[in-house]
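Please read the structure below before turning to the comments.
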Amino acid sequence: MENYIFKGKFGLERETLRIDKNSRLAQSPHPFYDEHLSRDFCENQLEIITPVCNSIEEVMKSLETLDRNARIILNQNGESLWLYSNPPHIDNESEIPIAQYDGILSAKHDYRISLARRYGKRMMLYSGIHFNFSFSDKYLETFGTDNNTLYFRLLKQVSRYSWLIVLLTSASPMYDLSFDKDNTQGTAFSGFSSMRNSRRGYWNQFVPQLDYTDLPAYIRSIQNYIKKGVLFSAGELYLPVRLKPRGENSLEALLSGGVDHIELRMFDLNPLEKLGVSQKDLEFAHLFLIYLLNKEDFDFTPELQKKAIENHQKSALYDISDVMIDNVPIKESANNFLDEMEKFFAEYSETHDIIAYERRKLNVERICEKIKSGSEMYV
């Protein structure tokens, strides 16, 4: 009988900024007409959206093809891609043109204007990788319950342990000082291994407390924030993991049609990788999701939700020597988690190297040579 544990559907969304020959934000309109080469917040923020694929290898090949096609057009325009999660130098926010949408899509433009007023345009320049995954129906059937229940249980587990992915994939400790203030020169050490996952990153102006009783209650609790005007839409709920429906992404579609896949949103762009993401890290994320789906369910109380966000942000610190996860040093907690994964996947030899690859990262010391000021570091 075929083993369906590793089967599923995979997709990637990669955000990157378009830059000119001077490594400044390109001021040209979005030059692409391919539905897989879209925009995010601003005109100069390219979002590559792969089609749904049957394996991580296939999704990486798709990303490579789309990346190559995009670069051909950009090269013709004297532009390239900025493969860092933190943006390049900007003089002021006038260099960040909000994505233009007209006609029946004009609400998208209005929504982005509202975000800019609430958070400022700069924060919207953070770029990263979103990893989308759905399990094989055959595998989900082995649990003997409905898919919504399983994905909802997984949502809680990933939210609780998202700090591990941040710890293992952070890649943005440096930033341009113009991110803080107009007309400022220089590159600085942020104190974080990932700014976008840190307390300086993508977070709401309040700590969400959602109802994790079941999927309908969860959706209603998000809708309540929208009704109160605290959120413009569900898309403004800046948490590191989301459940998505098939087709139109809305709470109504999620409630009526159910969960189609889960989205992990915490991956930094990796500047050491040509495509901005390591295939090995995605393979680990796949195992991470399989393992967490098999963990025992728990009550995700408001206190645990708050702790999960705190742990996520703490794991983005560059100096993690004093960081504790549930009163255990973070590296020890990570090793313990990987030990549990190894036991779970013991009979699957193909997983051993993937887990060992991530474990080796925990043995690398984070060394940062600072200049005399003690607060800035130039590269």
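The values are calculated or read from the model by the stated rules, or taken from the named source; none is laboratory data. Bear in mind that the values here come from a model prediction, so they are computed numbers and not experimental data. Using ideal geometry, Cβ is built from the backbone for each residue, glycine included, and neighbour counts are taken over all protein chains shown. Each accessible area value is taken on the protein alone, full model and side chains, heavy atoms only, with ligands, DNA and RNA left out. Shrake-Rupley method; radii C 1.70, N 1.55, O 1.52, S 1.80 Å.
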Flag for residue 281 being charged (D, E, K, R) and either part of a strand (DSSP E or B) or crowded, with 19+ Cβ neighbours inside 10 Å (or both): yes
Residue identified as open to solvent by less than 30 Å² (accessible area, probe 1.4 Å), farther than 29 Å from residue 292 by Cβ and part of a helix (DSSP H, G or I) among 115, 140: 115
Segment 248-261: number of residues that are within 14 Å of residue 134 (Cα to Cα) and of a type in the set (Gly, Ala, Ser): 1
Among (1) among the polar types (S, T, N, Q); (2) over 29 Å from residue 288 (Cβ atoms); (3) open to solvent by 60 Å² or more (accessible area, probe 1.4 Å) - the single one residue 23 does not satisfy: (3)
All positions within segment 213-233 that are assigned to a loop (DSSP other than H, G, I, E, B) and of a type in the set (Gly, Ala, Ser): 229, 233
Among the candidates 154, 164, 210, residue that is of a type outside the set (S, T, N, Q), modelled with pLDDT of 95 or more and part of a loop (DSSP other than H, G, I, E, B): 210
Verdict on residue 243 being within 21 Å of residue 292 (Cβ to Cβ), under 20 Å from the mean Cα position of the chain (by Cα) and without any contact (Cβ under 8 Å) to a residue 60 or more places away in the chain: no
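Here's the yes/no breakdown for (1) buried (at least 18 other Cβ atoms within 10 Å of the Cβ); (2) not aromatic (Phe, Trp, Tyr):
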residue	(1), (2)
200	yes, yes
206	no, no
240	yes, yes
245	yes, yes
256	no, yes
268	yes, yes
Single unsatisfied condition, residue 73 versus (1) farther than 30 Å from residue 188 by Cα; (2) surrounded by 14 or more Cβ atoms within 10 Å (Cβ to Cβ); (3) out of contact with any Pro (no Cβ under 7 Å at 6 or more places or on another chain): (3)
Residues that are more than 14 Å from residue 235 (Cα to Cα) and open to solvent by 50 Å² or more (accessible area, probe 1.4 Å), drawn from segment 93-109: 93, 94, 100, 102, 103, 104, 105
Identity of the residue in segment 101-150, small (Gly, Ala, Ser) and farther than 24 Å from residue 267 by Cβ, that ends up nearest to the chain's Cα centre (by Cα): 116
Residue in segment 73-91 that is small (Gly, Ala, Ser), over 23 Å from residue 130 (Cα atoms) and not in a strand (DSSP E or B) present: yes
Members of segment 48-66 that are assigned to a helix (DSSP H, G or I) and surrounded by fewer than 18 Cβ atoms within 10 Å (Cβ to Cβ): 57, 58, 61, 64, 65
Single unsatisfied condition, residue 293 versus (1) in contact with a strand residue (DSSP E or B) (Cβ under 8 Å, 6 or more places away or on another chain); (2) over 20 Å from residue 341 (Cα atoms): (2)
Residues of segment 338-360 satisfying the condition of being out of contact with any helix residue (DSSP H, G or I) (no Cβ under 8 Å at 6 or more places or on another chain) and in a helix (DSSP H, G or I): 339, 343, 349, 350, 353, 356, 360
Considering residues of segment 345-374 that are in contact with a Lys or Arg (Cβ under 9 Å, 6 or more places away or on another chain) and at pLDDT 95 or above only, the residue surrounded by the fewest Cβ atoms within 10 Å (Cβ to Cβ): 353
Filtered residues of segment 167-197 (kept if in a loop (DSSP other than H, G, I, E, B), over 12 Å from residue 87 (Cβ atoms) and of a type outside the set (Val, Ile, Thr)): 170, 171, 173, 181, 182, 183, 185, 186, 190, 191, 193, 197
Number of the exception - residue 247 against (1) part of a helix (DSSP H, G or I); (2) at pLDDT below 95: (1)
